[in-house]
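Trainee: Quick one: structure below, then a few questions.
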Amino acid sequence: MPGRMSRPIHLGAWFGLKITISPWSIVSYLAVVPVVVVVTRLLLSLPVRGALLAGTLTAIMMFLCESLHQWGHSRAARRVGYPMLGIHHFSLFSACLYPADEPPLPPGVHLRRAVGGFWINLLVGLLLAPAAMNLWSAGGVLGWLTASTAFWNFFVLGLGALLPIDIPGVMTVDGGTILHYWREMRASRKA
């Protein structure tokens, strides 16, 4: 069964990038819906229909914002001359796909590619913050969606992406890549 949950499903190409999603990712996004239903019923007293709409739109928003994050990496990769091939959604998050035969690259190239995503989400979160603060007090689906989108972008995909997490073979976020190649650059300058 684990093999089936990791087998990628091809979603086609968007902006020249091959997009795949794992069954686990689909399950993860579907799991967002009931969680948001419970939270919005408790916090905002939304009726069931409104809570279901909030949950569904939240899952879609999370997928689109994660894709936007990766699009930022794609732009940065194209600019440095070593473009991405695609994006693989493996859970609520995704990974950049680069050519398997890509040559060893200088640390500066890795750094520039790594910083390509988080700033877009920080900007989206900041731009939505005033609307989120105003609409949250009004409640409803729009209040929830605006606030959760601002939060998801700013704190999770923006600042969260900068956490220096690098667990080889398990998970590396942008901050882990940045720290690794920054240290490598410093070490090569000292040598």
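Trainee: Given a 1.4 Å probe, how much area per residue of segment 138-177 is accessible, in Å²?
Mentor: Working: 1900 Å² over 40 residues.
Dividing the accessible area of segment 138-177 by its residue count gives 48 Å².
Trainee: Sticking with this one: What does the accessible area per residue of segment 1-89 come to in Å², with a 1.4 Å probe and no ligands, DNA or RNA counted? Each step should come with its number before you reach the end.
Mentor: Values: 5010 Å² over 89 residues.
That works out to 56 Å² per residue.
Trainee: Per residue Cα convex hull volume for segment 60-131, in cubic angstrom? Can you show the working numbers first?
Mentor: Values: hull volume 6.3 nm³, N = 72.
About 87 Å³ per residue, rounded to a whole number.
Trainee: Something else about it: Using the Cα centre as the reference, give the magnitude of the dipole from point charges on the C-beta atoms of segment 1-136 (Lys, Arg: +1; Asp, Glu: -1; all else neutral), rounded to the nearest 20 debye. Show your work: numbers first, answer last.
Mentor: Values: 10 positive and 3 negative charges, 20 e Å.
The dipole of segment 1-136 has a size of about 100 debye.
Trainee: Relative to the present Cα-Cα distance, how much length would full extension add between L85 and H10 at 0.36 nm per residue of separation? Walk me through the numbers on the way to the answer.
Mentor: Working: separation 75, 0.36 × 75 = 27.00 nm, distance 1.32 nm.
Length gained, L85 through H10: 25.7 nm.
Trainee: Among V115, L64, F151, whose Cα projects farthest towards the positive end of the dipole of the chain, with charges put on the beta-carbon of Lys, Arg (+1) and Asp, Glu (-1)?
Mentor: Sorting the options by dipole projection puts first V115.
Trainee: Which is farthest toward the positive dipole end of the chain among A187, V27, P99, measuring Cα position about the Cα centre, with Cβ charges +1 (Lys, Arg) and -1 (Asp, Glu)?
Mentor: Checked the options; the winner is A187.
Trainee: Taking the Cβ-Cβ separation of I167 and A100 as r and a Förster radius of 30 Å, what is the calculated FRET efficiency to the nearest 0.05? Display every interim value, and only then the final one.
Mentor: Details: r = 22 Å, r/R0 = 0.72.
Plugging the Cβ-Cβ distance into 1/(1 + (r/R0)^6) gives 0.90.
Trainee: Right, here's the next one. Under a 10 Å cutoff between Cα atoms, tell me which one of S22, S94, S137 has the largest fluctuation in the Gaussian network model of the chain.
Mentor: S137
Trainee: Return, ordered by residue number, the residues of segment 114-144 whose backbone nitrogen is under 19 Å from a label point located 7 Å along Cα→Cβ of L42.
Mentor: 139-141, 144
Trainee: Please say if the chain is rounded, prolate or oblate, where rounded means a/c under 1.5 for a ≥ b ≥ c the square roots of the C-alpha gyration tensor eigenvalues, and otherwise the choice is prolate for a/b larger than b/c and oblate otherwise? Walk me through the numbers on the way to the answer.
Mentor: Working: a/c = 2.36, a/b = 1.64, b/c = 1.44.
Taking the square roots of the gyration eigenvalues as a ≥ b ≥ c, the chain is prolate.
Trainee: Quote to one decimal, in nm, the extra length available between N134 and I26 on full extension: 0.36 nm per residue of separation minus the C-alpha distance between them. Numbers along the way, then the final one.
Mentor: Values: separation 108, 0.36 × 108 = 38.88 nm, distance 3.21 nm.
Gain on extension, N134 to I26, equals 35.7 nm.
Trainee: Another question, then. How many angstrom lie between the C-alpha centres of segment 95-140 and segment 12-40?
Mentor: So the separation of the two Cα centres works out to 17 Å.
Trainee: Report, to the nearest whole %, how much of the accessible area of segment 35-191 belongs to carbon and sulfur atoms, 1.4 Å probe, protein only.
Mentor: Numbers: 6030 of 8520 Å².
Summing carbon and sulfur atoms, their accessible area is 71 percent of the total for segment 35-191.
Trainee: Between F155, F118, F15, which gets the highest mean-square fluctuation from a Gaussian network model of the chain, Cα cutoff 10 Å?
Mentor: F15
Trainee: Among G116, G176, G81, whose mean-square fluctuation peaks in a Gaussian network model of the chain (Cα, cutoff 10 Å)?
Mentor: Highest fluctuation among the options: G81.
The values are calculated or read from the model by the stated rules, or taken from the named source; none is laboratory data. This is a predicted model, so every value here is computed, not measured. Cβ atoms come from the backbone with ideal geometry, glycine included; neighbour counts cover every protein chain shown. Quick note on the areas: whole protein, heavy atoms, side chains included, nothing else; ligands and nucleic acids left out. Shrake-Rupley method; radii C 1.70, N 1.55, O 1.52, S 1.80 Å.
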